[in-house]
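Some notes on the structure that comes next.
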Protein chains: 2
Amino acid sequence: MQLVTVDDIRAAADRIRGSVLRTPLIPAPWGDPERPLWLKPENLQAIGAFKVRGAFNAIAHLDPAVRARGVVAYSSGNHAQAVAHAAATFGISASIVMPEETPQIKIDATRRHGAEVVLCAAGQREKVAEEVVARTGGVLIPPFDHPDVIAGQGTIGLEIVEDLPDVATVIVPVSGGGLASGIGTAVKALAPQARVVGVEPELAADTAASLAAGHRVDWSIEDRNRTIADGLRSQPSELTFAHLQTVLDELITVSENDIRAAVREIALRAHLVTEPSGATALAAYRSRETPPGPTVVVVSGGNVEPALLAEILAG
Amino acid sequence: MQLVTVDDIRAAADRIRGSVLRTPLIPAPWGDPERPLWLKPENLQAIGAFKVRGAFNAIAHLDPAVRARGVVAYSSGNHAQAVAHAAATFGISASIVMPEETPQIKIDATRRHGAEVVLCAAGQREKVAEEVVARTGGVLIPPFDHPDVIAGQGTIGLEIVEDLPDVATVIVPVSGGGLASGIGTAVKALAPQARVVGVEPELAADTAASLAAGHRVDWSIEDRNRTIADGLRSQPSELTFAHLQTVLDELITVSENDIRAAVREIALRAHLVTEPSGATALAAYRSRETPPGPTVVVVSGGNVEPALLAEILAG
């Protein structure tokens, strides 16, 4: 299987420059002195999550004549808004397939970018997306199972090494695995001394089980849906799992309470709003299971329900 | 009266480089299309507020032999932590005079930086600080009434113009006036087309009254203490007022409800935690009283009580 290379990621960085925010590394002096801490705040991207990087790269890489036919995506989360936002920037149409049970606030946010929202029954997303592709001639932009999406997310790794060349540990949440595949590929190529640590909720630890088994292990969607970290309920594809086996040094699992405590700490100490998924890397850091040395935690997104954030802050 | 110049601000930028975060301008595509919006997130500084810039510049500019005697400050807010943090970085002692009624959380935060906290009765801060200076030989670092502090805050203005040369409007909160004096001086020198707009809470609008009168007008501390924006309860000094008369094109006042709505919007749309003072520039923008064109709002700080933020988020 052909894996994404650091050159693919460099090409992605050239393609998306100017279209996505070049996020800073934020020093967090309240971290553990033996593991100096920086945050990579991808929640500051226009749609509140790293997903814009992969979406812009995948759309920018299309042949212009193909791109003009528009794009299609299926997602109930940040990928929906990322593709809608990127399509609007390119001035092309976007059709986003979302399950009927998607909260209205997310449907509205996707429509606000000018996308057509196609509602579907639970579990029918991929099938309905194929129908939309057949009907519109648009190009499907998958949420993680595509080299251009992985390379786009990998630009975060380039920026981390550029800003902190002697980084010892990079901690990244794992769901479908596109983010960790891309970042891990960039970091291993450019800072081979660094350890790349994945993190999953204990309640959606399919990748931890898969890495231990040496092959992909399936967890039911009912099991994975138990975690509060709603961005971390997907499972890797063959393509992303092959990357994860290559680039991850270890994978730490965190409890629901750990995740809540990390959301609270990031809000009060780093002054960043994160969704539960976005705080899991800090939760892994707080577990003190990661090695000494300069450490970066990737804050992957900030789209949290206000009532949930209020509840966590009220303690 | 000698005003701070853009050369003073450039020198400050050289002095503080590497010690404070070079914050990005964050595009906010959810803003008004006629007034494209960017946020300058000073809440991401190590102590959660812009105050580190002035504190680092003032301490860095001291003669090393003088600096070795340590520094003294009086503040119940962000200036306390900024001076304590900067002093710790320089490896010198800091004594911070705080009123007895200061919340314990802020006293603890200041001590965590290694500073000595000297508690005093209400209204006695400046007198007690003078006594500490006499006793320790340390140098007083005032919160705003000093050219080096103004020049340090002005580095924000340099960065805004560097990142967005065709900026049309910069909106800045006004309290003691150091922040607006510094930013206004830099912006007027480097982007003369830009309007510099101050913002105050209606309940602490002493500077609005002063600018209208053409001289400083005193509002009682009881009046100023009514606003939820606890970082905007100070009044300009002669020095900062002279700057404000020169650099501000206008001053907008905002209601308490406007401020709360802006805290909520920044949390949910920009994924940043702000204290009420830190959201006032966005509140002014939301009032639609500012002119068309590219607009930057300065998000000055993020040190909010968790219970207050939870209340605002819960709506």
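The values are calculated or read from the model by the stated rules, or taken from the named source; none is laboratory data. Computed from a predicted model, the values in this text were never measured in an experiment. For neighbour counting, all protein chains shown are included, and Cβ atoms are generated from backbone atoms with ideal geometry for every residue, glycine included.
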Exercise for the section: Answer yes or no as to whether A:Gly138 is of a type outside the set (A, V, I, L, M, F, W, C), under 19 Å from A:Gly54 (Cα atoms), within 21 Å of the chain's Cα centre (by Cα) and buried (at least 18 other Cβ atoms within 10 Å of the Cβ). Expected result: no
Exercise for the section: Taking only the stretch B:1-55 into account, find how many residues are touching a Phe, Trp or Tyr at 6+ places or on another chain (Cβ under 8 Å), basic (Lys, Arg) and within 27 Å of B:Ala229 (Cβ to Cβ). Expected result: 1
Exercise for the section: Hey, can you tell me all the residues within the stretch A:12-33 that are free of Cβ contacts under 8 Å to residues at least 12 places away in the same chain and either under 13 Å from A:Phe50 (Cα atoms) or more than 10 Å from chain B (Cβ to nearest Cβ) (or both)? Expected result: A:Asp14, A:Arg17, A:Gly18, A:Pro33
Problem - So B:Ala151, is it among the hydrophobic types (A, V, I, L, M, F, W, C) and assigned by TED's automatic domain parsing to the domain that holds B:Arg35 - result: yes
Problem - Selected residue (criterion: farthest from B:Ile160 (Cα to Cα)) from residues of the stretch B:1-18 that are modelled with pLDDT of 95 or more and part of a loop (DSSP other than H, G, I, E, B) - result: B:Gln2
Completion exercise
In the stretch A:222-242, anything more than 18 Å from A:Ser210 (Cα to Cα) and under 14 Å from the mean Cα position of the chain (by Cα) is listed as A:Ala229, A:Asp230, A:Gly231
Practice task
Answer yes if at least one residue in the stretch B:103-121 is β-branched (Val, Ile, Thr), over 21 Å from the mean Cα position of the chain (by Cα) and not assigned by TED's automatic domain parsing to the domain that holds B:Asn225, and no otherwise.
Solution key: yes
Fill in the blank from the handout: Selection from the stretch B:178-231 of residues modelled with pLDDT of 95 or more, of a type in the set (Val, Ile, Thr) and out of contact with any His (no Cβ under 9 Å at 6 or more places or on another chain) yields B:Ile183, B:Val187, B:Val196, B:Val197, B:Val199, B:Thr207, B:Val217, B:Thr227, B:Ile228
Fill in the blank from the handout: Considering the stretch B:282-315, residues that are in a loop (DSSP other than H, G, I, E, B) and closer than 18 Å to B:Leu268 by Cβ, and then whichever is nearest to the other protein chains (Cβ to nearest Cβ), we arrive at B:Gly302
Practice task
Would you be able to say whether some residue in the stretch A:266-280 is of a type in the set (Asp, Glu) and under 25 Å from A:Gly154 (Cβ atoms)?
Solution key: yes
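Table: residues versus (1) surrounded by 24 or more Cβ atoms within 10 Å (Cβ to Cβ); (2) in contact with a strand residue (DSSP E or B) (Cβ under 6 Å, 6 or more places away or on another chain).
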{"residue": "B:Met1", "(1), (2)": "no, no"}
{"residue": "B:Arg10", "(1), (2)": "no, no"}
{"residue": "B:Ala13", "(1), (2)": "no, no"}
{"residue": "B:Ser19", "(1), (2)": "no, no"}
{"residue": "B:Pro29", "(1), (2)": "no, no"}
{"residue": "B:Asn43", "(1), (2)": "yes, yes"}
{"residue": "B:Val52", "(1), (2)": "yes, yes"}
{"residue": "B:Ala55", "(1), (2)": "yes, no"}
{"residue": "B:Asp63", "(1), (2)": "no, no"}
Exercise for the section: Give the number of residues within the stretch A:251-265 that are touching a Pro at 6+ places or on another chain (Cβ under 8 Å) and charged (D, E, K, R). Expected result: 3
Exercise for the section: May I ask you to say which residue of A:Ala88, A:Ala46, A:Ala82, A:Ala68 is over 20 Å from the mean Cα position of the chain (by Cα), within 14 Å of chain B (Cβ to nearest Cβ) and not acidic (Asp, Glu)? Expected result: A:Ala88
Exercise for the section: Say whether the condition of being in a helix (DSSP H, G or I), touching an Asp or Glu at 6+ places or on another chain (Cβ under 9 Å) and either under 23 Å from A:Val4 (Cβ atoms) or of a type in the set (D, E, K, R) (or both) is met by at least one residue in the stretch A:59-75. Expected result: yes
Exercise for the section: Examine the stretch B:33-54 for a residue that is assigned to a strand (DSSP E or B) and either touching a Lys or Arg at 6+ places or on another chain (Cβ under 9 Å) or of a type in the set (Phe, Trp, Tyr) (or both), and state whether such a residue exists. Expected result: yes
Problem - Index of the failed condition, A:Ala94 passing every other in (1) farther than 28 Å from A:Ala194 by Cβ; (2) within 19 Å of the chain's Cα centre (by Cα) - result: (2)
Completion exercise
Taking the stretch B:142-152 and the residues there that are of a type outside the set (A, V, I, L, M, F, W, C) and assigned to a loop (DSSP other than H, G, I, E, B), the one that is nearest to B:Val52 (Cα to Cα) would be B:Pro143
Practice task
Identify, from the list A:Glu275, A:Glu250, A:Glu265, the residue that is within 19 Å of the chain's Cα centre (by Cα), acidic (Asp, Glu) and within 14 Å of chain B (Cβ to nearest Cβ).
Solution key: A:Glu275
Handout entry: Looking only at the stretch B:76-121, and only at residues there that are in a loop (DSSP other than H, G, I, E, B) and at pLDDT 95 or above, the one that is surrounded by the most Cβ atoms within 10 Å (Cβ to Cβ)
Key = B:Ala115
